[in-house]
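Just so it is clear, none of the values below were taken in a lab; they were calculated from the coordinates. Everything quoted here is computed from the prediction, not taken from an experiment. Virtual Cβ from ideal backbone geometry, glycine too; neighbours counted across all protein chains shown.
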Amino acid sequence: MKRVRVYFNIHKKCLSIQHKNSKGWRVWRHVSSIGLSDVVFKVSEAGRQRVVREKRKNVHAYIEGTMKAGLSEMSGDIVTYNPYRLPTFVIKDSDTPIHTASEVYVVGRRITALPH
């Protein structure tokens, strides 16, 4: 399956999926939900600092993983990201940083992860 980067598109109110081609990461499609495996949560610190400084959102945080067909809603840890509070994605209930996960299911802004 294809390795992709996913982020919530605040203008289109959906998930944007990027894939890598010869020109770099490019938006490939838009979806309302997606399942990923072998996941890495990535945050550009320079982009986060720009958000904090300018108080204006920009795309600087992604969930990168391998698209997984047939992965649907699952139970697991709810993951969140707020650039004003913490510099990484965190498990919502405990604010414990999360950098990787074996599987993730994203529906809109809701991220559910199964840790390794």
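Return 93, 77 ranked ascending by Cβ neighbour count within 10 Å, so the fewest neighbours appear first.
Going from least to most buried by this count: 93, 77.
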Okay, helix-only estimate at 222 nm for the chain: each DSSP H run of n ≥ 4 adds -39500 (n - 2.57), divide by all residues, round to 500 deg cm²/dmol; what do you get? -2500 deg cm²/dmol
Only Lys, Arg, Asp and Glu count, each charged at its Cβ (+1, +1, -1, -1), so figure out the dipole size of the chain about its Cα centre, rounded to 20 debye. 800 debye
For Cα Rg over 2.2 N^0.38 Å the list reads (i) 1.07; (ii) 1.26; (iii) 1.02; the calculated value is entry (iii)
From the Cα centre of segment 53-116 to that of segment 1-27, the distance in Å is 15 Å
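From the P(r) of segment 1-68, can you give the percent of Cα pairs sitting at distances over 21 Å? It would help to have the intermediate numbers written out before the result.
On the way: 595 of 2278 pairs.
Tail of P(r) above 21 Å: 26 percent of Cα pairs.
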For the chain, how many pairs of lysine residues have a Cα-Cα distance under 24 Å, where the two are 8 or more positions apart or belong to different chains? 28
